[in-house]
Amino acid sequence: MESSERKKRIFSGIQPSGELTLGSYMGALKSWVNMQEEYDCVYCIVDMHAITVRQNPAELRRRAMAQLAQYIACGLDPEKSILFIQSHVPQHAELAWVLGCYTQFGELSRMTQFKQKSQQHADNITAGLFTYPVLMAADILLYQADAVPVGADQKQHVELCRDIAGRFNGIYGDVFTLPEPFIPRMGARIMSLGNPENKMSKSDPEGCVFLMDSPEDIRRKFKRAVTDSETSVRFDPAGKPGVSNLLTIYCAASGRTVEAAEAEFAGQGYGVFKPAVADAVIALTEPIRAEASRLMKDRTYLEGIYRSGAERAEQLARRTLRKVYKKVGFIER
Ligand code: TRP
């Protein structure tokens, strides 16, 4: 059977609603790169998700392009994996409509992210913000993805996707593959440098390292990173959240184990430790920044990548959508 020989398929996406961060790299992109060998990977720039909150059009366009350049600079290989922009493949919106008719209002009302975001954007709670998990389900199901690498905050959305798919299959037979959420372990949780109780987030730019930050910016941000009143470099997330976060970052950037890093800095204060973390991060980000900047100047290349990515994606998406339209009773044109 064809399916037993097929590599398992992965789908994931990041919104171009801000610049990519060290958190996006360590929590997502790094494992996306590693999965390219073993899996058949489809990686998306989900610009349609980004407009669930108001965006500046010129900025959105620039960031989507920059994100593509950074995907490639991080090691996503457009020959191996499908890299594309969501709005280039119309089947996402089309399937989302159908799936919305198989999703309960109550289910969407229970989504924690919706509850949070509707508080943050209380003056603009749109239907798009509410139905966003349905669009995400369409993203995943169009490609018959077996697994979806996501941060813990997206697990509920992947579970809803499974519920919708299971319900649809229950009515019409096996149409969709049921996807598993896949939460990468190591380095998955990078916290804010200024506020180590919170996740590193672009909304707090001084506590956040961006992949395109200059070495000077990175050194400054680590210099100001919150630690504690002790002097020992020890991993203790509850007692020493700031230092533990710096250790996590140091280990993820340098490939060392926590034990090795603790030993390396034994007897040395934060005045030595913090610049060393900054250097490890710069060693990681500088080659990415240089390659992404180079690619950004080559628009023809980037356009070629997103066009061929969209073509390959659309071929897969069209097959699923055709099946769905037939099942629900639409006349084939
Ligand atoms: N909602 C995800 C986020 O904000 C992004 C996303 C959209 C996504 N569609 C997806 C992630 C499909 C995984 C699979 O992080």
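Bear in mind that the values in this text are calculations on the coordinates, not laboratory data. Nothing here was measured: the structure is a model prediction, and the numbers come from that model. Glycine gets a Cβ as well: all are built from the backbone with ideal geometry, and neighbour counts include every protein chain shown.
Details
- Span-like helix ranges in the chain, DSSP H, alpha carbon extent 18 angstrom or more, Kyte mean at least 1.6: 127-142
- Nearest-0.05 FRET efficiency for VAL272 and ASN169, computed from C-beta distance (R0 51 Å): 0.35
- With the simple spin-label model, which puts each label point 7 Å out from Cα in the Cβ direction, the ASN56 to ARG224 separation comes to 2.0 nm.
- Counted residue by residue at 0.36 nm each, then reduced by the alpha carbon distance between them, the extension gain from GLN315 to ALA263 reaches 13.5 nm.
- Furthest towards positive pole of dipole, SER229, ILE282, SER254, structure part the range 209-310, Cβ charges: ILE282
- The antiparallel fraction among DSSP beta bridges confined to the chain stands at about 10%.
- Cβ crowding within 10 Å, taken as a proxy for footprinting-reagent exposure, orders TYR102, TYR132 from fewest neighbours to most as TYR102, TYR132.
- Each of the peptides 115-127, 292-304 was scored by the mean count of other Cβ atoms within 10 Å over its residues; in descending order, highest first, they stand as 292-304, 115-127.
- Radius 14 Å from Cβ of PHE130, net charge of other residues (Lys, Arg +1; Asp, Glu -1): +2
- Note on ASN195 and VAL328: the extension gain reaches 42.9 nm, defined as 0.36 nm multiplied by sequence separation minus the Cα-Cα distance.
- Neighbour-count order for SER232, SER192, SER109, fewest beta carbons within 10 angstrom listed first: SER109, SER232, SER192
- Cut-off 12 Å between beta-carbons: net charge of the residues surrounding ASP146, Lys and Arg +1, Asp and Glu -1: +2
- Counting only residues at least eight positions apart within a chain, or on another chain, there are no lysines with an alpha carbon under 21 Å from that of LYS326.
- Charge-dipole axis of the range 49-92 as Lys and Arg at +1 and Asp and Glu at -1 on Cβ define it, positive-most pick from HIS49, GLN67, HIS92: HIS49
- Per-selection Kirkwood Rh - the range 129-276 (Cα, Å, 1 d.p.): 17.8 Å
- Straight-distance candidates among the lysines for linking to LYS30, with alpha-carbon spacing under 18 Å and chain neighbours fewer than 8 residues away dropped: LYS80, LYS199.
- Full-stretch length increase - ARG256, HIS121 - with 0.36 nm per residue and alpha-carbon distance subtracted: 44.5 nm
- Protection-proxy order for peptides 14-22, 76-84, each taking the mean of Cβ atoms within 10 Å per residue, highest first: 14-22, 76-84
- Checking every one of the trypsin sites (Lys or Arg not before Pro) in the range 36-75 against DSSP loop status and a limit of 13 other Cβ atoms within 10 Å picks out ARG54.
- Calculated P(r) of the range 230-326 - Cα pairs past 15 Å, %: 72 percent
- Exposure proxy ranking, count of Cβ atoms within 10 Å, fewest first, for PHE105, PHE168: PHE105, PHE168
- With contacts taken as Cα pairs under 8 Å at a separation of at least 6 residues, the chain carries a relative contact order of 22 percent.
- Intensity falloff of the range 40-135 expressed as log10 I(q)/I(0), Debye formula with alpha-carbon point scatterers, at q = 0.23 Å⁻¹: -1.19
- Förster radius 41 Å - calculated FRET efficiency between ASN34 and SER214, Cβ distance, rounded to 0.05: 0.90
- Neighbours of GLU291 by Cβ distance under 14 Å: Lys/Arg scored +1, Asp/Glu scored -1, total 0.
- LYS8 versus THR300: modelled label distance in nm, points set 7 Å from Cα along the beta carbon direction: 4.1 nm
- Rounded to whole Å, sorted largest first: equivalent-ellipsoid semi-axes of the range 287-333, Cα gyration tensor: 38, 10, 6
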